[in-house]
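First the structure, in the form of structure tokens, and then the observations on it.
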Amino acid sequence: MTDRGCRRYSGQAVVVGAGIGGLAAARVLADHFEGVVLVEAGELPPYAGPRAGVPQARHVHGMPARGAGQLERLFPGLRAELIAVGAPLFDHGLSASTTVFAGRVPRTEAGVRAHAFSRDLLDWSLRRRVTAQPRVEVRDRSPVTGLCWNGDATRVVGVRLAGSEVLDAALVVDASGRFSKLPRWLVEAGYPRPAEKVVDAGLAYSTMVFDAPGPDFEALQHMTSAPDLPRGAFAVHVEGGRWVVTVFGAGGDHPPTDERGWREFARSLGNADLDGLLGSATPVAGVGVHGFKRTENRRTDYAGMRRWPRRLVAIGDSVAAFDPVFGQGMTVSLLQAEALGDTLARAYDLDAVARRAQRRVAAIVRAPWLMSVSEDLAWHHHRERGALPLWLRAALWYKRRLLRLVVADPEAFRVFVGVWHMVRSPTALGSPRMLAKVVFRARRTGAPGPAADGDGAR
Ligand SMILES: Cc1cc2nc3c(=O)[nH]c(=O)nc-3n(C[C@H](O)[C@H](O)[C@H](O)COP(=O)(O)OP(=O)(O)OC[C@H]3O[C@@H](n4cnc5c(N)ncnc54)[C@H](O)[C@@H]3O)c2cc1C
């Protein structure tokens, strides 16, 4: 955790983008600089409401327990504040309806608490706190159009705004999200284009918001299974007694964005809990159905570049945007913001910070990236009609047996939930004890899945 109040660097830091990554970065940088300017392209409403810059906020945004803990570390008191406005905090095993390809997981205590709220509420809560910091200035409706450089383009010295205004900066943090222009800005300054990796599962989301009398759960997950079961759903009880319900389809099986089609898609899942919820729910007037298709995993290898400018750090979706199904993006951004603060706290020469911080940012991405792409590579290969590599066939075989076990074995479920919530390493799923259970017990356990064990790895 950064040491609050330990300002060491003169001048101001500029953060590009007021999403979760940018807000967390601004909060952290205020401990280290004389001033912080948070520059946002779109308009920031003075309330918890939708805004054009983050269209993904319309959709279910689950916050893993690790991210929730991180939020509380960066913004003490936030958890209580969210609870006070009705954001439910609950055990992910006892109060969640979870269905995987092998069946529905019996309710059992998971020992991991999930906190549910809308993304709009979270953004607004962070925005209010960051704006209230005396050293932070927030400028909305100010798109950044490029970087400013020193003479030989080895150091970033500021940003250019639309209308050619220039903001000087001792450090620039790019947190402008999935569609960041940073690769182009680097190329314009004479740097090679950074390497990029894209794994596209062909996944799309479609979301409605409801008022509903409470069912006996607070959240619902119905998971896809590559490459046979492309359809899934999330439903989350958020503040104000509302339910945000997202249906999704991978491998190009996209959910409709009209209400009738949306409901048919939801019914096609055959999930009794979801049917029950929707049967007694009323769509919130004026919200409609919203789709989102740009969900590919996209990682830009800034840390691997041979030359990297001083005084520039990229975090959040700008560096790695994930398939949202695992709900890792916000947590990763928060962890990266903290790592940036820690790097600043340890360094005495600001010129040494950017490279180090960028490496730490990349290290934080590694495990979530692997988790996200291992499933998505199967969809990716499936769509391209390519044969699955052997390692992926093995990984899918393991995963399907693991999920059979998760349905039948509370201990395995707890490990699974811990990994999902990022409080346990993904390696816990392959520990000797889990390995033995998966290999020797899974075949005998779990409800029969829609596809025979192992034949998903075609
Ligand atoms: C459909 C969907 C569902 C998701 N669900 C989850 C989930 O369940 N859990 C989870 O943890 N994550 C989820 N995510 C990911 C999550 O939204 C992001 O990881 C998270 O918002 C962190 O992103 P960020 O702050 O880097 O970028 P964003 O939140 O995208 O913010 C970027 C900001 O930069 C601004 N901007 C862009 N360009 C400029 C510019 N040139 N100048 C100034 N400002 C600019 C934008 O207007 C925006 O405000 C989901 C993503 C999608 C697409």
- prompt: Could the peptides 45-58, 325-338, 295-308 be put in order, highest first, of the mean number of other beta-carbon atoms found within 10 Å of their residues?
  reply: 325-338, 295-308, 45-58
- request: Could you tell me whether the chain comes out rounded, prolate or oblate from its Cα gyration tensor? Rule is a ≥ b ≥ c as square roots of the eigenvalues, rounded for a/c under 1.5, then prolate if a/b exceeds b/c, otherwise oblate.
  value: prolate
Set K197/K293; K197/K399; K293/K399 screened for pairs whose C-alpha atoms are more than 29 Å apart: none
query: Within the chain, what percent of beta bridges assigned by DSSP are antiparallel, to the nearest 5?
result: 65
- prompt: Going toward the positive end of the dipole of the chain, with +1 on Lys and Arg Cβ and -1 on Asp and Glu Cβ, which of W243, N150, T282 do you reach last?
  reply: N150
query: In debye, nearest 20: dipole of segment 170-241 around its Cα centre with unit charges on the Cβ of K, R (+) and D, E (-)?
result: 500
query: Relative contact order for segment 390-444: what is it in percent, counting Cα pairs under 8 Å that are at least 6 residues apart?
result: 38
- line: In debye to the nearest 20, the charge dipole size for segment 202-292, taken about the Cα centre with +1 at each Lys and Arg Cβ and -1 at each Asp and Glu Cβ, equals 160
message: Order 62-75, 13-26 from most to least packed using the mean count of other Cβ atoms within 10 Å.
response: 13-26, 62-75
field: 1.4 Å probe accessible area per residue over segment 89-223, in Å²
entry: 40
message: Using the Cα centre of segment 351-432 as origin and beta-carbon charges of +1 (Lys, Arg) and -1 (Asp, Glu), tell me which of M371, V361, L405 is placed farthest towards the positive end of the dipole.
response: V361
- prompt: What is segment 390-444 by shape, rounded, prolate or oblate, if you read a ≥ b ≥ c off the alpha carbon gyration tensor as root eigenvalues and call it rounded for a/c under 1.5, prolate for a/b larger than b/c, and oblate otherwise?
  reply: oblate
- prompt: Any idea what the dipole of segment 244-368 comes to, in debye rounded to 20, about its Cα centre with Lys/Arg Cβ at +1 and Asp/Glu Cβ at -1?
  reply: 880
message: Checking the a/c ratio against 1.5 first, then a/b against b/c, what shape does the Cα gyration tensor give for segment 126-263?
response: oblate
- prompt: What relative contact order, as a whole-number percentage, does the chain give when Cα pairs under 8 Å and 6 or more residues apart are counted?
  reply: 20
query: If a helix is a whole DSSP H run, which ones in the chain reach 27 Å or further along their own axis (Cα) and hold a mean Kyte-Doolittle hydropathy of at least 0.0?
result: 390-408
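The values are calculated or read from the model by the stated rules, or taken from the named source; none is laboratory data. Since the structure is predicted, the reported quantities are computational estimates derived from the model, not experimental observations. Don't worry about glycine lacking a Cβ; one is built from the backbone with ideal geometry, like all the others, and counts go over all protein chains shown. Each accessible area value is taken on the protein alone, full model and side chains, heavy atoms only, with ligands, DNA and RNA left out. Shrake-Rupley method; radii C 1.70, N 1.55, O 1.52, S 1.80 Å.
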